[in-house]
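Asks: Shown below is the structure under consideration.
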Amino acid sequence: MMILELDGVKKDIRSRTVVQPVDYRLPAGQVLALCGGNGAGKSTILRIVAGISEPTSGTVRLGGRTWKEDRKGCSSILGYMPDDFQFGQALTAGETLEFYAALRGKAALKRVDAVLEEVGLTSVRNGKVASFSKGMRQRLLFGQALLGEPELLVLDEPTNGLDPYWLQAFAELINRRKEQGQSVIFSTHQLEAAEWTADHVMFIHEGMVSMAGPMEEFRSRFGGNGLSQAFAHSAKLFQDGGTPT
C-alpha cells in the first residue's frame, strides 16, 4: 500500500513556479527525507502534503484519499509539524500538549505523559514554554504531531535547533516509529538525519527535484555513507541544466 502519492504536484505563487512538478510514491511504513537548502521548496511540498496549501496542478493522495474528496479522512491519518510556531508563552509544556490532545479526542489526552517522555520533556512538564530553548520548543512541536498516533508524520525541519544528542535521539525515535508501521516524510538540510532514518531521499534545488529514489540506490551508486557526495552530484546536475534523475 502507498501511504503517499504525488502525481505532477506543482506550485506557482503569483507568476513564479516555486515547485516544479513532483512525482513520487512512498510505501506505508517507510520514511522519505526531502533534502535541500533554505528556499529550495521543501516546506512548500510538505504544506501541500498536509493540506495547508493547494497545488496549482497535480494530485496528492494519502492512503488513497485526496484532500478534495475526503478532507476529514486525510486529516485523521496525518500528524503535522510546521517549521516554526509560537506556542502560548504562558502555558506549560503539559498544558500545551493537553490543548492539542483535546482537539484529537480522549485517546490523545491519555497519551500526553507518554509523548512528553518520548520527546524528553517530562522533567519540564510544568515549565513555561516562554523559558524553553529553540531545541525544546522543537521537541514540543514534534510531540504535538505524535499525539494522535498518525499513520503519516509530516515534519518540516524537525532537526532545527537540536543539539547533537537530540539529533541522534530524533533519529532513534523516527526509526522506532517506522518499526511500529508508521510512515514519515520530513525535510532537512542535515544530511546525517536522512542517513540515519530514510528509506527514500529526494534532493531539491530551487523548486526542482534533481535526484530521488530509494536509499539503497543512493548507497549502491555513491557508497555506504554517500549522501553528501550524492547531494553534491545533484547540485552540479541542476546547475549544469541536466535532466533530474
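The values are calculated or read from the model by the stated rules, or taken from the named source; none is laboratory data. Computed from a predicted model, the values in this text were never measured in an experiment. As a convention, Cβ positions derive from the backbone with ideal geometry for all residues, glycine included, and neighbour counts pool all protein chains shown. For accessibility, only protein heavy atoms count, side chains too; no ligands or nucleic acids. Shrake-Rupley method; radii C 1.70, N 1.55, O 1.52, S 1.80 Å.
Asks: Show me the helices (runs of 4 or more DSSP H) found entirely inside the range 27-135 where at least 2 residues are at pLDDT 95 or above, touching a helix residue (DSSP H, G or I) at 6+ places or on another chain (Cβ under 6 Å) and crowded, with 19+ Cβ neighbours inside 10 Å.
Replies: Fully inside the range 27-135 and qualifying: 93-104, 112-118.
Asks: Return yes when P150 is assigned to a loop (DSSP other than H, G, I, E, B), open to solvent by less than 50 Å² (accessible area, probe 1.4 Å), within 20 Å of A28 (Cα to Cα) and in contact (Cβ under 8 Å) with a residue 24 or more places away in the chain and no when it is not.
Replies: yes
Asks: Condition check: at negative phi, buried (at least 18 other Cβ atoms within 10 Å of the Cβ) and more than 18 Å from the chain's Cα centre (by Cα). Does H233 satisfy that?
Replies: For H233, the condition - at negative phi, buried (at least 18 other Cβ atoms within 10 Å of the Cβ) and more than 18 Å from the chain's Cα centre (by Cα) - is met.
Asks: Looking at (1) among the β-branched types (V, I, T); (2) over 17 Å from L155 (Cα atoms); (3) in contact with a His (Cβ under 9 Å, 6 or more places away or on another chain), which one does V31 not meet, given that it meets all the others?
Replies: It fails just one condition, (2).
Asks: Output the residues belonging to the range 50-75 that are hydroxyl-bearing (S, T, Y) and under 16 Å from Q144 (Cβ atoms).
Replies: Within the range 50-75, just S75 meets the criteria.
Asks: Same structure again: Any residue at all in the range 203-218 that is farther than 27 Å from L62 by Cα and hydroxyl-bearing (S, T, Y)?
Replies: no
Asks: While we're here: If a residue has to be farther than 20 Å from V49 by Cβ and either at pLDDT 85 or above or among the aromatic types (F, W, Y) (or both) to count, how many in the range 191-227 make the cut?
Replies: The qualifying residues number 12.
Asks: Could you list, in sequence order, the residues of the range 196-219 that are free of Cβ contacts under 8 Å to residues at least 40 places away in the same chain, on the phi < 0 side of the Ramachandran plot and more than 15 Å from the chain's Cα centre (by Cα)?
Replies: S210, M211, P214, M215, E216, E217, F218, R219 - these are the residues of the range 196-219 that are free of Cβ contacts under 8 Å to residues at least 40 places away in the same chain, on the phi < 0 side of the Ramachandran plot and more than 15 Å from the chain's Cα centre (by Cα).
Asks: A further question follows. Would you confirm, using the coordinates I've provided, whether A198 is among the small types (G, A, S), surrounded by 20 or more Cβ atoms within 10 Å (Cβ to Cβ), in contact with a helix residue (DSSP H, G or I) (Cβ under 6 Å, 6 or more places away or on another chain) and within 18 Å of S43 (Cα to Cα)?
Replies: For A198, the condition - among the small types (G, A, S), surrounded by 20 or more Cβ atoms within 10 Å (Cβ to Cβ), in contact with a helix residue (DSSP H, G or I) (Cβ under 6 Å, 6 or more places away or on another chain) and within 18 Å of S43 (Cα to Cα) - is met.
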